[in-house]
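The values are calculated or read from the model by the stated rules, or taken from the named source; none is laboratory data. What you are looking at is a predicted structure, and each value in this text was computed from that prediction instead of being measured. Methodologically, a virtual Cβ is constructed for each residue, glycine included, from the backbone with ideal geometry; neighbour enumeration extends over all protein chains shown.
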Amino acid sequence: MKAINTIIQNMRENVVGTAIFWNGHEYSYPAFMEMVDAWSARLPDYNIGRGTVCGFVAEYSPQVCALVFALMQAKAILVPFTAAIEHELPEFIKIAGVDCLFKFESDDSYTFEKCNNPIPNELTTAFLERGVPGLIVFTSGSTGKPKGILQDCERVMRKFVEERSGWRTVLFLMLDHFGGFNTLLSTFAYGGTGVCLPDRSPETVCRVIEQSRATLLPTTPTFINLLIASYCYKNFDLSSVKLITYGTEVMPATTLEKVKEIFPNARIKQTYGLSELGVLRSKSESDESVWVQIGGAGFETKIVDNILWIRSEANMVGYLNAPSPIDEDGWMCTGDHVEIRGEYMRILGRKSEMINVGGQKVFPAEIENILLGAGNISEVTVVAVPHPVMGNVVKAKVSLNEPEDRFELTQRLRTYCMERMAKYKVPVKYEIIDGDEQCSTRYKKVRKDNSPAKEETNDDI
């Protein structure tokens, strides 16, 4: 556990830094390490030690962050959950073979329970021979049943050993997905401050940024569009933010332009990562560009038939409930279609999201970006709907800044699109929905069409 021990020692030696901002209070690194040590002394009372599969349902807080590091020191296997997956919790506990579970309340108090005779997973049983802590996270299941991913925490922590400047980081990305866990680890490894949120509404995020003087906001394009539509940013001082990182989905260029207006002092950086492979180093061509370089030490990339493949030193140990997608040479197909320009690439979208219209490929992000520039549109999600002749046609779910007659809106948007894209890409249907309906609890677009099924007619095209 060389990397983990090095980072924890660095945290102990940080006697002047602020570790956590939570509910208006700051906690120093010495105070935070006292919490970590208190958890380390307490874990044996719960029979938690090497190889224990320990779940916890929580949001970021001082005690939760301290528990993370105590469990790693104990060489346990961590399984973070959030309240957003409460209905899936029994299934996830079974897949991961969770031995015990902590449930944290908003005031940082907690309850503890043993899980009833979980069946050990073969992958985790074999992993115990490594003698290092593990991490289990679940995929979102947007294209099928959620998969449990086992990661080696020592591997994940290696890239954080190199000294870097710390940030006052808003812990926005959720703890139970790899991006959020990666943000948590990097924040403390570099001696930064974890800024905790009571919730993720645009107003709350802006208020906490102002109170904490946060300098780094890792977020998603969907949340940024919600923030733009809310106008609440006008009521807060966001000048402390020096860097905004975004990933998990394609960023519309029109949204990127608006970000600079809201955060005039911030650099904008695109990130890229997968739970199976880790988070890669990245470099955006510029603040205004969606072109990016990805890779860095420990990662290799290649393009096959315009699709990105990655090989990583931090590859997952494996899926708990599915065959591994990593080939015998260590390469994984990401499913992301990309366009190459010199040393930079532009991510067009996932193969699973691509819409086939009469044999023609349509990437939703391209159409969404154009529609966001049509005026009075705060958010757009493009989905496929079946058609008896074309196979699929395009539908756009739009959220408006101001009310607009549906017929007039449809005619206006069709004309706007016809002037800017090929006819087969032009949406044949438009649905007006609230902005909150456009995103999941993780502030990513919901691309599944939940409207009543209806066969398209010739009147629609």
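Annotations for the structure displayed:
- Which numbered condition PHE69 misses (of (1) more than 20 Å from GLY51 (Cα to Cα); (2) surrounded by 13 or more Cβ atoms within 10 Å (Cβ to Cβ); (3) touching a residue at least 60 places away in the same chain (Cβ under 8 Å)): (1)
- Strands (runs of 3 or more DSSP E) fully within the range 272-337 counting 3 or more residues that are among the polar types (S, T, N, Q) and out of contact with any helix residue (DSSP H, G or I) (no Cβ under 6 Å at 6 or more places or on another chain): none
- Index of the failed condition, ARG213 passing every other in (1) at negative phi; (2) surrounded by fewer than 21 Cβ atoms within 10 Å (Cβ to Cβ): (1)
- When we screen TRP39, TRP22 for residues that are closer than 26 Å to ARG207 by Cβ and of a type in the set (Phe, Trp, Tyr), the only hit is TRP22.
- Residue check, LYS103 within 23 Å of the chain's Cα centre (by Cα), among the charged types (D, E, K, R) and either at pLDDT 95 or above or farther than 23 Å from GLY179 by Cα (or both): yes
- GLU313 passes every criterion in (1) at pLDDT below 85; (2) assigned by TED's automatic domain parsing to the domain that holds ARG414 apart from (2).
- For the range 15-51, the set of residues classified as more than 24 Å from the chain's Cα centre (by Cα), surrounded by fewer than 19 Cβ atoms within 10 Å (Cβ to Cβ) and outside any helix (DSSP H, G or I) consists of VAL15, VAL16, GLY17, GLY24, HIS25, GLU26, SER28, ASN47, GLY49, ARG50, listed by residue number.
- Filtering the range 184-214 to residues that are assigned to a loop (DSSP other than H, G, I, E, B), in contact (Cβ under 8 Å) with a residue 60 or more places away in the chain, out of contact with any Phe, Trp or Tyr (no Cβ under 6 Å at 6 or more places or on another chain) and closer than 16 Å to PRO62 by Cα leaves GLY191, LEU197, PRO198.
- Each residue in the range 244-262 was checked for being among the small types (Gly, Ala, Ser) and either free of Cβ contacts under 8 Å to residues at least 12 places away in the same chain or surrounded by fewer than 21 Cβ atoms within 10 Å (Cβ to Cβ) (or both), and 1 of them qualify.
- Qualifying residue in the range 235-251 (condition: under 26 Å from ARG281 (Cβ atoms) and out of contact with any strand residue (DSSP E or B) (no Cβ under 8 Å at 6 or more places or on another chain)): yes
Residues are listed down the side, and each one gets a yes or a no for (1) over 24 Å from ASP45 (Cα atoms); (2) without any contact (Cβ under 8 Å) to a residue 40 or more places away in the chain:
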site	(1), (2)
LEU89	yes, yes
LYS103	no, no
ASP107	no, yes
VAL137	yes, no
LYS145	yes, no
MET157	yes, no
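- One residue stands out among those in the range 163-181 that are of a type in the set (D, E, K, R) and over 13 Å from the mean Cα position of the chain (by Cα): the one that is farthest from CYS153 (Cα to Cα), which is ARG168.
- Which listed residue is at pLDDT 90 or above, within 18 Å of LEU43 (Cα to Cα) and in contact with a strand residue (DSSP E or B) (Cβ under 6 Å, 6 or more places away or on another chain), from VAL68, VAL98: VAL98
- None of LEU101, LEU128 is among the aliphatic types (A, V, I, L, M) and part of a helix (DSSP H, G or I) except LEU128.
- When restricted to residues that are in contact (Cβ under 8 Å) with a residue 40 or more places away in the chain and surrounded by fewer than 19 Cβ atoms within 10 Å (Cβ to Cβ), the range 332-363 contains 8.
- Some residue of the range 396-410 being surrounded by 16 or more Cβ atoms within 10 Å (Cβ to Cβ), of a type in the set (A, V, I, L, M) and over 18 Å from ALA229 (Cβ atoms): no
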